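Each remark here refers to the structure printed beneath this line.
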Amino acid sequence: MTVIGEEAAVAADPLEPPLMAPLRRDLSWAQVQAMSQSAGHRQDAALHSIRATAAVRRGTRMIKVLSAAQLAGHLAGWLPYGFCYRACDIAHLRTPAELAVLRTDGAGDDAVAYALRWRATDPLDFEIPMGAVQSGLSALPAHSRIGAMVLGTGFTPSTDDLIPEFVTADFADLPMPANAQLLAYPGTGDEVVLYTYQPEQHGWLRLAGPRWRHLLEGVPGVSPDREYVPCTDAGSSRLVGRINENEYQAVADPPEDFRVRALTRAARYAVQSLSRRAEQALWRNVPTWVLQRDESWARLRLVRPDADAVSAVGARCYERGVYEVWAPVRELTDHHIAELRYQI
């Protein structure tokens, strides 16, 4: 995170533009920090202008802080979803205690923190929970939420840092891009790459050597000595690419590589167009994503959680901002495949 004056210039990675605040005599650092933590500034034009500088580009490194249980879930095939951050905005936070404020499931572990880091396939996959965007989250009562409250200013609650936060658009699952990483942060301040994602095989390759394998001992259902972990969950969202009139399952390796998913390297042709597809439906007039289903029941996630929607369907909060519920398939309406097309 970079805070500069109005006339200053700064060299920056074009994929990760810095967060910038035009500090002046009448706008100090303390004032910017206070504005970011006050719900009364949700519609403040100056705060909106500052928040807009922390943009997501194609290829921006995104990160989500995880518990041990969430790490196990991603090893099994969970996709990126929910609250997340740009890696550059939290690079100075390196210990479990410092990262605790970014946890989404309310769990605590002082010994080690985990994270998922991936590159953004497209800015359309993310939105800023600020102002009218996901405004229902900030009004949800404390007894029906997990994790830190959502301020609605676009910044995470913090007394010391100015950390811009994002959510996956409509709380969608995002297809896992190539070379995503699962990380560990022990109390030493080190960043340890535990696994890297292999999209063609749909699994995780362990990179952590013997020195760091003890960091996996507390992860449920995971053997620290296993070099390759295949994903057992197919995921609710997928990428589809086209070459001429033919359609293929696709893999994203942002910022530039979008290809056919194929085990043979020679068949990994670049696609000409790219889309993200997932199931959506209405239940009791509440828009949802269909995460799982069989002939009788479907697991749903609310697209825009608010007090009325949560009450209407009896949804439960599983992590910060994420509300899910099981519903009879026969009661779903407007059940369809939603498609988001990217410009590549």
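Read-outs throughout are calculated quantities, based only on the coordinates presented, and are distinct from any laboratory measurement. In this text the structure is predicted, and so the values were computed from the model without any measurement. Neighbour counts are summed over all protein chains in view; Cβ atoms, including those assigned to glycine, are modelled from backbone coordinates with ideal geometry.
Once a ≥ b ≥ c are taken as the square roots of the eigenvalues of the Cα gyration tensor of the stretch 206-344, is the result rounded (a/c under 1.5), prolate (a/b larger than b/c) or oblate (a/b not larger than b/c)? Spell out each step's value before the answer.
Working: a/c = 2.36, a/b = 1.19, b/c = 1.98.
Oblate is the answer for the stretch 206-344, as a/c is 1.5 or above yet b/c matches or exceeds a/b.
Using only alpha carbon pairs under 8 Å that are at least six residues apart, calculate the relative contact order of the stretch 132-267 and give it in whole percent.
Numbers: 164 pairs, mean separation 21.2, N = 136.
16 percent.
Arrange Phe155, Phe126, Phe166 by Cβ neighbour counts within 10 Å, fewest through most, would you? Walk me through the numbers before you get to the answer.
Details: Phe155 27, Phe126 20, Phe166 24.
If I rank by nearby Cβ atoms, fewest first, I get Phe126, Phe166, Phe155.
Have a look at Ser273, Ser135, Ser28 and tell me which one the Gaussian network model of the chain (Cα, springs below 10 Å) gives the largest fluctuation.
Answer for the Gaussian network model of the chain: Ser28.
Once you list every other residue whose beta carbon is under 13 Å from the beta carbon of Ala309, what net charge do they have if Lys and Arg are +1 and Asp and Glu are -1? If you can, show how the numbers build up before the last one.
Numbers: positive: Arg284, Arg301, Arg304, Arg316; negative: Asp170, Asp306, Asp308, Glu324.
Taking every Cβ under 13 Å from that of Ala309, the sum is 0.
Relative contact order for the stretch 61-230 using alpha-carbon pairs under 8 Å, separation at least 6, rounded to a whole percent? Don't skip to the end; give the middle numbers.
Details: 322 pairs, mean separation 46.3, N = 170.
After rounding, I find 27 percent.
In whole Hz, what ³J(HN,Hα) sequence does the stretch 51-66 give by Karplus (6.51, -1.76, 1.60; θ = phi - 60°), x for Gly and Pro?
Each residue's phi maps through the Karplus curve to give 5, 5, 6, 8, 9, 9, 10, 5, x, 4, 6, 10, 8, 10, 7, 10 Hz.
Which distance in nm do the two modelled labels at Ala76 and Trp29 give, with both placed 7 Å along the Cα-to-Cβ direction?
4.4 nm
Add +1 for every Lys or Arg and -1 for every Asp or Glu among the other residues with Cβ under 14 Å from the Cβ of Met149, and state the total. Before the final figure, lay out the partial values.
Working: positive: Arg42, Arg103, Arg145, Arg320; negative: Glu165, Glu319.
Result for the neighbourhood of Met149: +2.
What are the equivalent ellipsoid semi-axes of the chain, built from the alpha-carbon gyration tensor (square roots of five times its eigenvalues), in whole angstrom, biggest first?
On the way: eigenvalues 183, 130, 100 Å².
Ellipsoid semi-axes (Å, largest first): 30, 26, 22.
Let a ≥ b ≥ c be the square roots of the eigenvalues of the Cα gyration tensor of the stretch 278-342; is it rounded (a/c under 1.5), or, if not, prolate (a/b larger than b/c) or oblate? Numbers along the way, then the final one.
Working: a/c = 1.58, a/b = 1.16, b/c = 1.36.
Since a/c reaches 1.5 but b/c is at least a/b, the shape of the stretch 278-342 is classed as oblate.
Give me a comma-separated list of calculated 3J(HN,Hα) values for the stretch 119-125, in order, Karplus coefficients 6.51, -1.76, 1.60 applied at θ = phi - 60°, integers in Hz, x for any Gly or Pro.
3J(HN,Hα) across the stretch 119-125, in whole Hz: 9, 5, 6, 6, x, 5, 7.
Using only alpha-carbon positions, what ratio does the radius of gyration of the stretch 237-276 give when scaled by 2.2 N^0.38 Å? Walk me through the numbers before you get to the answer.
On the way: Rg = 9.2 Å, N = 40, 2.2 N^0.38 = 8.9 Å.
Ratio of Cα Rg to 2.2 N^0.38 Å: 1.03.
Ignoring everything except DSSP H segments at least 4 long, calculate the 222 nm mean residue ellipticity for the chain; use -39,500 (n - 2.57) per segment, divide by total residues, nearest 500. All intermediate terms of the calculation are to be shown ahead of the outcome.
On the way: 5 runs with 36 residues, N = 344.
Helix-only estimate at 222 nm: -2500 deg cm²/dmol.
Taking Cα pairs under 8 Å and at least six residues apart, what relative contact order does the chain come out at, in percent?
On the way: 759 pairs, mean separation 56.2, N = 344.
Taking the mean separation of contacting Cα pairs over the length of the chain, I get 16 percent.
For Ser273, what charge total do you get from the other residues with a beta carbon under 9 Å from its beta carbon, if Lys and Arg give +1 and Asp and Glu give -1?
On the way: positive: Arg242, Arg341; negative: none.
So the environment of Ser273 carries a net charge of +2.
Given H placed on each backbone N at 1.01 Å, which residues far from Val286 in sequence or on other chains put an amide H within less than 5 Å of it?
Distant-sequence amide H within range of Val286: zero hits.
At R0 = 35 Å, how high is the FRET efficiency between Thr95 and Gln292 if r is their beta carbon distance? Nearest 0.05 is fine. Don't jump to the answer; show the numbers that get you there.
Numbers: r = 36 Å, r/R0 = 1.02.
Efficiency, from the Cβ-Cβ distance: 0.45.
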